[in-house]
1. Is there a residue in the stretch 339-348 that is in contact (Cβ under 8 Å) with a residue 12 or more places away in the chain, assigned to a helix (DSSP H, G or I), open to solvent by less than 20 Å² (accessible area, probe 1.4 Å) and under 24 Å from Phe11 (Cα atoms)?
2. Can we say Glu329 is open to solvent by 30 Å² or more (accessible area, probe 1.4 Å) and either at pLDDT below 95 or in contact with a helix residue (DSSP H, G or I) (Cβ under 8 Å, 6 or more places away or on another chain) (or both)?
3. Given the options Pro267, Pro246, name the one that is surrounded by fewer than 16 Cβ atoms within 10 Å (Cβ to Cβ), farther than 15 Å from Ser71 by Cα and touching an Asp or Glu at 6+ places or on another chain (Cβ under 7 Å).
4. All but one of (1) open to solvent by 10 Å² or more (accessible area, probe 1.4 Å); (2) not in a helix (DSSP H, G or I); (3) not aliphatic (A, V, I, L, M) hold for Arg158; which doesn't?
5. Can you tell me which residue is least open to solvent (accessible area, probe 1.4 Å) among those in the stretch 387-406 that are assigned to a helix (DSSP H, G or I) and among the hydroxyl-bearing types (Ser, Thr, Tyr)?
6. Sort through Val226, Val220 and tell me the only one that's under 12 Å from the mean Cα position of the chain (by Cα) and under 23 Å from Tyr385 (Cβ atoms).
7. Can you list residue pairs whose Cβ atoms sit under 9 Å apart, with the first residue in the stretch 134-149 being farther than 24 Å from Val175 by Cβ and the second being among the small types (Gly, Ala, Ser) and not in a loop (DSSP other than H, G, I, E, B)? Count only pairs 6 or more apart in sequence or on different chains.
Amino acid sequence: MFEVNKIREEFPALSEKVYGRQLVYFDNAATSQKPRNVLDAVSRLSVKSNANIHRAVHRLADDATEAYEASREAVRKFIGARSAKEIVFTSGATAGMNLVASSFCERFVSQGDIILVSAVEHHSNIVPWQLAALRKGASLRVIPVNDDGTLDISSLDRLLDGPVRIVAVTHISNVLGIINPVEEIVKAAHERSIPVLVDGAQGIVHTRPDVRKIGCDFYVFSGHKVYAATGTGVLYGREELLSEMPPYMGGGEMVGRVTFNETTYAPLPLKFEAGTPNFTGQATFAPALEMAEKLLTPEAVEYTEGLVSYMYERLAAHPDIVLYGRKKEGRIPLFSFTVNKIHHEDLALILDKTGIAVRSGQLCAEPLMDRFGVTGMVRASLLPYNTIEEIDYFMDSLDRAIKMLV
């Protein structure tokens with residue numbers, strides 16, 4: 001049996017009150033709350049190991065370096081990468097996608113080439129490719145999305161025809177909550193020797209992504225969505241590709257030898273880690289992934305599936321709600337919706353006054369909003385530390401908000 005109340009005790013923020021009401025935190029797709037082991041690690045590292053990594057020979061620097069590299073190994077193990085050389089620390093998923101869009105396209109994309117993305121992408125998996133395409137004289141092609149929120153991959157063979165140099169697709173939509181068929185997309189792309197980047201910002205939290213099983217060439221995610229410190233992230237990249245890509249930024253740490261005539265670069269992954277990193281933050285991946293392991297056990301997954309089923313049925317049956325991503329199976333506990341004749345932000349503001357935190361707006365996915373003909377949505381996103389009782393309170397509060405605004 002999954003003991004949700006014991007799990008909740010490990011997240012201090014969940015016991016906080018907002019406007020005198022118990023906090024109901026349903027904005028987890030934006031940022032998860034941090035468990036005590038992560039908060040304790042930040043405090044300990046900041047006091048006892050606050051020294052720059054990899055460079056100095058004193059004890060504090062050794063301790064900081066050890067914690068940083070132990071965290072890299074924890075990430076490698078968690079996602080099933082072959083080598084720590086394939087784990088590049090970044091400031092987040094956005095930085096990882098910009099890194100690949102810049103360095104990969106610099107090396108492998110030319111004028112007239114095509115970059116394939118999907119219609120459900122976050123801006124972070126659209127704009128970097130647009131910038132790279134503009135620099136290189138390439139163009140974007142888009143996998144369409146069906147009315148139910150699933151990707152229309154019936155035309156994938158046709159979309160992969162021509163000079164497609166890379167595919168960039170999200171593992172799980174941050175708007176629709178639907179798990180995309182990334183393995184099928186990777187297989188089709190690889191049959192044409194086209195590499196694939198997967199945006200795992202949501203996937204890292206709700207699945208145990210095995211990058212070798214998925215088969216992707218790149219996988220990116222942020223720490224702050226998977227219980228780690230803010231300003232942290234990971235780019236997994238196949239060693240063969242990372243070796244051929246030029247550095248994204250220049251500076252300290254990423255160099256081998258520097259003269260005014262020529263610079264050589266450090267071995268992977270340091271080649272892509274210029275400057276002083278967020279060494280305290282990155283070191284929290286180790287304790288954060290310990291928590292992620294707890295919340296991805298079979299018992300936790302079964303509990304989460306119960307949350308998904310219950311909330312989906314409540315929202316889908318509501319006469320005033322338009323739910324986007326109408327697929328009950330193969331989804332995570334993330335639900336985006338609108339209410340006819342009511343602005344999404346008005347709903348979110350009233351819910352806030354009842355102690356409920358949700359997201360509202362375009363959700364960094366304006367093309368997807370345009371596809372469904374709305375200016376924005378309300379998004380409620382849960383994790384295994386949320387409860388059925390919170391869902392009931394959310395639905396009751398939502399009903400009261402609708403009655404106030406109609």
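1. Yes: one or more hits.
2. Yes.
3. Within the list Pro267, Pro246, the selection yields Pro246.
4. Of (1) open to solvent by 10 Å² or more (accessible area, probe 1.4 Å); (2) not in a helix (DSSP H, G or I); (3) not aliphatic (A, V, I, L, M), only one is false for Arg158: (2).
5. Checked the stretch 387-406; the qualifying residue least open to solvent (accessible area, probe 1.4 Å) is Ser397.
6. Val226
7. Arg135/Ser102; Ala138/Ala132; Ser139/Ala133
Matching residues to (1) polar (S, T, N, Q); (2) more than 22 Å from Lys327 (Cα to Cα):
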{"position": "Asn278", "(1), (2)": "yes, yes"}
{"position": "Ala283", "(1), (2)": "no, yes"}
{"position": "Glu290", "(1), (2)": "no, yes"}
{"position": "Val301", "(1), (2)": "no, no"}
{"position": "Ser309", "(1), (2)": "yes, no"}
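The values are calculated or read from the model by the stated rules, or taken from the named source; none is laboratory data. A quick note: this is a predicted structure, and the numbers were derived from the prediction, not measured. Note that we place each Cβ from the backbone using ideal geometry, even for glycine, and neighbour counts take in every protein chain shown. In case anyone asks, the SASA skips ligands and DNA or RNA and just uses the protein heavy atoms, side chains included. Shrake-Rupley method; radii C 1.70, N 1.55, O 1.52, S 1.80 Å.
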